[in-house]
Amino acid sequence: MGEIFALVEHRQGVIRDITFELLACGRDLASKTGGSLTAVLLGDKPDAFVDSLKAQANRVMVIDSPLFKEFNSASYQGALSQVLSSEKPMVTLMGHTAFGMDLCPSLAPSLDMPFTTDCLALDIADGKVTATRQMYDGKLNAEVTLRQAPSYLLTIRTGCFPASDPGLEAEITTVDSPIAAEPDYRKFIEYIEPVVGDVDITKSDVIVGVGRGVKDKDNIAMVEKFAEALGGVVGCTRPVVDSEWLPKDRQVGSSGKTVKPKLYVALGISGAFQHLAGMKGAETIIAVNKDPNAPIFAEADYGIVDDMFKIIPALQEKILELKG
Amino acid sequence: MNIIVCIKRVPQTAEAEVKVDSSGKDIERERLTFDMNEYDTFALEEAVLFKEKFGGTVTAMSVGREDAQDTLRIALAKGADSAVRIKAEDFDEIDAIKTAQLLKAALKDIGYDIIFCGSIATDDAYSQVGVALAQLLGIPHATLVTQIEADQGRAQVHRELEGGLLEHLDMALPAVIAVQSGISVPRYASLIAIRKAAKKEIKTIGSDEIAADDLRADIVIDKLFPPPVTKMAEILTGDPSEVSEKLSKIIKDKGLI
Ligand SMILES: Cc1cc2nc3c(=O)[nH]c(=O)nc-3n(C[C@H](O)[C@H](O)[C@H](O)COP(=O)(O)OP(=O)(O)OC[C@H]3O[C@@H](n4cnc5c(N)ncnc54)[C@H](O)[C@@H]3O)c2cc1C
Ligand SMILES: Nc1ncnc2c1ncn2[C@@H]1O[C@H](COP(=O)(O)O)[C@@H](O)[C@H]1O
């Protein structure tokens with residue numbers, strides 16, 4: 001029967017939100033296959049994690065070993081390849097996260113499991129697994145069918161399957177660690193915390209976010225002035241940091257900061273989901289982009305389709321007028 | 001050191017309109033410009049930095065149609081020593097896993113100490129090929145790499161996790177290193193280097209050298225369509241002064257100034 005497995009993702013002693021989204025997605029799939037949902041938990045003395053998972057799945061499978069205190073894809077692959085080969089779930093779900101991206105593309109071919117990444121929606125009907133993914137800078141969705149096989153592996157985008165509390169009572173099963181040591185070819189050494197900069201953008205009510213549309217480092221000063229007029233600070237997208245136009249602590253998004261200001265003004269930002277993940281909690285979002293099809297407009301409250309370099313001075317003037 | 005870098009030619013879609021073609025399964029390519037996948041520009045830079053530090057050669061490899069040669073020539077101009085194209089036109093349904101299988105097949109006669117990839121190709125957005133290739137070759141990997149230092153067959157690698165957190169790994173080489181953007185600042189090619197690269201031969205490998213029967217794709221695309229619009233910004237229209245007038249009022253009404 002179509003059993004569904006979902007891998008619990010945790011880091012530095014905390015279960016990551018994606019886990020509950022995976023479990024929500026898993027419950028939905030299990031209702032389609034008539035199978036049950038198992039949360040697969042690899043961790044070091046993970047009792048506290050088990051408690052928070054009990055109501056979420058039909059079973060929690062626990063592999064308790066110091067080897068799984070931190071995530072190392074090599075250790076996880078060693079353990080999971082054995083678990084999945086013996087249990088043979090129909091679908092295994094993991095997050096399309098730094099963790100899933102490092103593990104799944106190698107785990108899947110090692111078990112000859114059809115696999116695809118970053119799914120926004122999934123369906124199973126007549127033994128056929130289909131997924132919706134995004135391509136071309138988020139401008140098109142693709143519906144794909146996976147090659148038919150007994151078992152599938154899929155990674156799920158964050159924020160697509162709302163977590164809920166179904167009030168289940170999971171059976172807890174334990175499995176001895178299938179591996180005895182961390183592989184020598186890949187060893188986890190330590191975490192390195194992000195560098196703290198001069199301004200904490202997460203504390204500001206107004207953030208002017210600037211993207212690659214700013215074109216040149218020399219144009220940052222103009223954006224700084226504009227942000228000042230609004231009483232806010234400047235944040236940015238990843239390419240702006242990559243180009244060394246602004247420091248890393250200004251980056252908003254999944255691999256940067258999560259901000260929830262009252263106002264976020266996005267200038268020359270296309271609206272990649274990794275960026276949206278960091279700012280969609282803003283109360284009001286204004287986007288200025290010359291491309292009317294930019295995905296940012298689907299997230300913003302107000303949009304202007306124009307050249308940011310024409311809008312910035314005009315808007316700055318009006319704001320200074322209103323401030324008197 | 002034998003250094004490999006995997007490079008994909010992709011349409012530049014961040015600022016362009018992307019239309020579905022009449023098959024419903026592919027995009028219209030005519031009005032789009034194509035260039036090296038951005039993440040691969042970082043992989044190439046890292047490969048060339050490795051060559052400069054450790055000596056050896058850089059081989060750029062691409063699974064692509066004939067025009068992928070233009071992109072491989074850019075790689076040659078930026079410091080790759082040789083280039084190999086695997087003829088995509090010889091194979092159907094090339095998804096990420098099949099790309100990895102083709103790269104593996106093409107690497108059969110090429111030695112490697114390290115293989116650089118990007119962490120994602122911006123067209124298909126699989127984030128899969130480099131890590132899958134490592135598995136097929138039976139060597140370790142790391143993706144989302146923001147720093148790597150190699151010494152005596154091992155590498156100290158920093159991987160980027162969410163929220164700007166990094167992890168430090170100690171890895172054995174050879175390995176596949178799939179780099180995150182920003183790992184370095186890619187160089188420009190000089191005019192002389194571009195001219196020289198134009199004359200270099202690019203090796204091509206096709207289905208006559210790679211048996212297609214054991215190649216297997218994981219997915220087929222059934223259809224492409226614009227993402228459904230669930231929410232849309234209220235678009236303010238007018239000249240810059242008019243829209244600014246409207247916007248500043250909205251900002252004021254919300255008590256933000
Ligand atoms: C694992 C991973 C993690 C990531 N984490 C993050 C993250 O934390 N934060 C992040 O931001 N990104 C992140 N990214 C990158 C992300 O996928 C996008 O590449 C990035 O957000 C795009 O930045 P952008 O919008 O500035 O650039 P682009 O996508 O290039 O968009 C530039 C936009 O500017 C517009 N424009 C150009 N000129 C003008 C003008 N004169 N006036 C008005 N508009 C103009 C264009 O129309 C376009 O829409 C991550 C990617 C990966 C793979
Ligand atoms: N057709 C291709 N030819 C060569 N390398 C590729 C190809 N497709 C993907 N890659 C490599 O794999 C990385 C990740 O791509 P993807 O898994 O498609 O997102 C890219 O950054 C490239 O380094």
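Read the figures in this text as sums done on the coordinates, not as results from a lab. This is a predicted model, so every value here is computed, not measured. Note that each Cβ is placed from the backbone with ideal geometry, even for glycine, and that neighbours are counted across all protein chains shown.
What does the convex hull of the Cα atoms come to per residue for segment B:115-184, in Å³?
Enclosed volume per residue, from the Cα hull, is 85 Å³.
If you keep only loop residues by DSSP, which trypsin sites (Lys or Arg not before Pro) in segment B:19-61 have at most 15 other Cβ atoms within 10 Å of their Cβ? Sites meeting the loop and neighbour criteria: B:K19, B:K25, B:R29, B:R31. For A:V265, the residues 5 or more places off, or on other chains, whose built amide H falls under 5 Å of its own are A:I207, A:V208, A:G209, A:I286. For segment B:180-188, backbone phi angles converted through the Karplus equation (6.51, -1.76, 1.60; θ = phi - 60°) give residue-by-residue couplings of 8, 4, x, 4, 7, 9, x, 7, 8 Hz, Gly and Pro being listed as x. The modelled label-to-label distance for the pair B:R195/B:E17, using points 7 Å beyond Cα in the direction of Cβ, is 4.1 nm. When both segment B:1-61 and segment A:223-288 are represented by their alpha-carbon centers, they are found 27 Å apart. Note on segment A:107-149 and segment B:120-149: Cα centroid distance 18 Å, given to the nearest whole angstrom.
When restricted to Cα atoms, segment B:159-257 yields an Rg and a Dmax of 26.1, 69 Å, respectively. Here the contact order of chain B, divided by its residue count and restricted to Cα pairs under 8 Å and six or more residues apart, works out to 23 percent.
With N as its number of residues, segment A:1-89 has a Cα radius of gyration that, divided by 2.2 N^0.38 Å, comes to 1.04. Springs between Cα atoms under 10 Å define the GNM used for chain A, and in it the highest mean-square fluctuation of A:T19, A:T158, A:T202 occurs at A:T202.
Taking the longest Cα principal axis of chain B as reference, the axis of helix B:38-54 is set at about 40 degrees. Membrane-span-like helices in chain A, defined purely by DSSP H runs whose alpha carbon atoms cover 27 Å or more axially and whose average Kyte-Doolittle hydropathy reaches -0.5, do not occur. Around A:K45, what is the net charge, scoring Lys/Arg as +1 and Asp/Glu as -1 over all other residues with Cβ under 14 Å from its Cβ? Here the count lands on -4. Near A:P150, once Lys and Arg are set to +1 and Asp and Glu to -1 for all other residues with Cβ below 12 Å from its Cβ, the sum equals -1.
Excluding same-chain neighbours fewer than eight residues apart, the lysines reachable from A:K69 by a Cα-Cα span under 27 Å are A:K45, A:K54, A:K88, A:K187, A:K257. Among the GluC sites (Glu not before Pro) found in segment A:193-251, those both in a DSSP coil and sparsely packed, with 15 or fewer other Cβ atoms within 10 Å of their Cβ, are A:E244. Rounded, prolate or oblate: which one fits segment A:219-267, using the alpha carbon gyration tensor with axes a ≥ b ≥ c (rounded when a/c is under 1.5, else prolate when a/b beats b/c, else oblate)? It comes out oblate by the Cα gyration axes. The local environment of B:T99, defined by Cβ-Cβ distances under 10 Å, has a net charge of +1 under the rule Lys, Arg +1 and Asp, Glu -1.
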